[in-house]
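Peer 1: Quick one: the structure is below, and I'll ask about it shortly.
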Amino acid sequence: MKIRLLYLLFGITLIIACNQDKVYLNTPLDQLLDSALTRASKNADMADFILPESDDFAAIPQDAHNPLTKEKVHLGKWLFFETGLGLAPNKAAGEKTYSCASCHIPSAGFRPGGIQGIADGGIGFGQNGEGRTKLNAYRAHEMDVQGLRPLSVLNVAFVENSTWNGRFGSEGVNVGTEDRWLVAEGTDRNEEGLAALETQNIEGMGLHRMEITDEVLDGYGYRKYFDEAFGDLPEEERYTKRTASFAISAYLRALITNKAPFQAYLKGDRTAMTEQEKRGALVFFSDAKCYQCHKNANLGANEFYAL
Ligand code: HEC
Ligand code: HEC
């Protein structure tokens, strides 16, 4: 009895780690999780799963054609939520009633609050977007509702093949799939070598019936923010759907789930996750083998799987 108790006491070795003035205890569960994370990581280092800070632009994946700057992120954040860009609606009743955020709602994880996202042709919001419904003046086929459920735009900086079928990607796993890139007729944007996100968002401004006009630039005061973000471009190229979409892409690249409890845990705060969450993470990164596909720091992969 005594010996067993002694073993037990020695068995539960508590490792004390100091990090930013806080003292954390490494429980046996933490140790199991740390080893699972280390084994599941690319370089045998659990720090591989740490996501960059949103203002650490050097560490965020980006398109060399659209380098990240805080001016672009700032402008893009406004434009993403700006219903004033809704200037090409199917019916007059829809004018200025929708934005990117009609379908990508922050409080719903940047997805719709309901099953589908409705932009032009929709009305209402609710708490988290679940209250948006069809505008009376529209018939179903006249609305901007895509044929599939909107994806989240969180951590999209790490996605090289954006959308469900990856059709906008021109790099990585998408090389050699050019015949499936359904870009609108007369456009050849993938051939510019832009990243998937930049390519998609140029397309998205048009698809979702948005315009950049003098009213937007001067009526709403956006011109000076375009000047700050794109001052290196000649004026005739500075205030366009293309620059607007580049700013939005920059904003989206900075939308990173780096404040998640799991991220704090990885950085050393052993108290950031509950016991139950730690057990879940342990299963995810070991026996359930979820990490074999969900393997990158964003817990995604730039690969396709036939599920
Ligand atoms: C009508 C609803 C709707 C609106 C408005 C909308 N989106 Fe989306 N978004 C979707 C849907 C649906 C998908 C998934 C499409 C697919 O996989 O083919 C998506 C996917 C995306 C993705 C890909 C995410 C990933 O992980 O691959 C990005 C990026 C994106 N949208 C950005 C935008 C931007 C920027 C705007 C505004 C210009 C916008 N969206 C407006 C419905 C919408
Ligand atoms: C064989 C590869 C593979 C394995 C193993 C795998 N997944 Fe996935 N998972 C995918 C793919 C591909 C998608 C996206 C397609 C889809 O949602 O249908 C996905 C999507 C998801 C999503 C939805 C993400 C979103 O943004 O909507 C969740 C949640 C998820 N997986 C959890 C898990 C968990 C938990 C496990 C382990 C029990 C697991 N996955 C194992 C390939 C995998």
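Peer 1: Here is a list: T83, T133. Which entry is surrounded by fewer than 18 Cβ atoms within 10 Å (Cβ to Cβ), polar (S, T, N, Q) and under 20 Å from A247 (Cβ atoms)? Break it down stepwise before answering.
Peer 2: On the way: T133 fails: under 20 Å from A247 (Cβ atoms).
Only one candidate passes the filter, namely T83.
Peer 1: Then there is this: Could you tell me which residue of region 110-123 is farthest from ligand 1 (Cβ to nearest atom), considering only residues that are farther than 15 Å from L252 by Cα and open to solvent by 40 Å² or more (accessible area, probe 1.4 Å)?
Peer 2: Restricting to residues being farther than 15 Å from L252 by Cα and open to solvent by 40 Å² or more (accessible area, probe 1.4 Å), the top hit is I123.
Peer 1: Test G76 against the stated conditions and say whether it is away from ligand 1 (no atom under 12 Å from the Cβ), in contact (Cβ under 8 Å) with a residue 60 or more places away in the chain and either under 19 Å from the mean Cα position of the chain (by Cα) or part of a helix (DSSP H, G or I) (or both).
Peer 2: No; evaluated as a whole, the condition is false for this residue.
Peer 1: Also, I was wondering about something else. Just to check your reading of the model, which residue among S99, S107 is of a type in the set (S, T, Y) and more than 10 Å from ligand 1 (Cβ to nearest atom)?
Peer 2: When all the criteria are applied, what remains is S107.
Peer 1: Okay, next question. Residue under question is E82, and the condition is that it be within 24 Å of D218 (Cα to Cα) and either among the charged types (D, E, K, R) or free of Cβ contacts under 8 Å to residues at least 12 places away in the same chain (or both); does it hold?
Peer 2: Details: within 24 Å of D218 (Cα to Cα): yes; either among the charged types (D, E, K, R) or free of Cβ contacts under 8 Å to residues at least 12 places away in the same chain (or both): yes.
Against the criterion (within 24 Å of D218 (Cα to Cα) and either among the charged types (D, E, K, R) or free of Cβ contacts under 8 Å to residues at least 12 places away in the same chain (or both)), E82 qualifies.
Peer 1: Go through (1) open to solvent by 40 Å² or more (accessible area, probe 1.4 Å); (2) at pLDDT below 90; (3) more than 11 Å from ligand 2 (Cβ to nearest atom) one by one and return the number of the condition S162 breaks.
Peer 2: (1)
Peer 1: Same structure, new question: When residues of region 136-156 are filtered for being within 17 Å of A88 (Cα to Cα), outside any loop (DSSP other than H, G, I, E, B) and open to solvent by less than 30 Å² (accessible area, probe 1.4 Å), how many remain?
Peer 2: Of the residues in that region, 1 qualify.
Peer 1: Check region 188-200 and report whether any residue there is more than 21 Å from Q62 (Cβ to Cβ), assigned to a helix (DSSP H, G or I), open to solvent by 20 Å² or more (accessible area, probe 1.4 Å) and modelled with pLDDT under 85.
Peer 2: For region 188-200, residues more than 21 Å from Q62 (Cβ to Cβ), assigned to a helix (DSSP H, G or I), open to solvent by 20 Å² or more (accessible area, probe 1.4 Å) and modelled with pLDDT under 85: absent.
Peer 1: Filter region 286-307 down to the residues that are within 9 Å of ligand 2 (Cβ to nearest atom), surrounded by 14 or more Cβ atoms within 10 Å (Cβ to Cβ) and in a loop (DSSP other than H, G, I, E, B) and list them by number.
Peer 2: Correct list: H294, L299, G300, A301.
The values are calculated or read from the model by the stated rules, or taken from the named source; none is laboratory data. Only a predicted model underlies this, so the values are computations on that prediction, with no experimental measurement involved. Methodologically, a virtual Cβ is constructed for each residue, glycine included, from the backbone with ideal geometry; neighbour enumeration extends over all protein chains shown. Areas reflect the complete protein model, heavy atoms only, side chains present, ligands, DNA and RNA absent. Shrake-Rupley method; radii C 1.70, N 1.55, O 1.52, S 1.80 Å.
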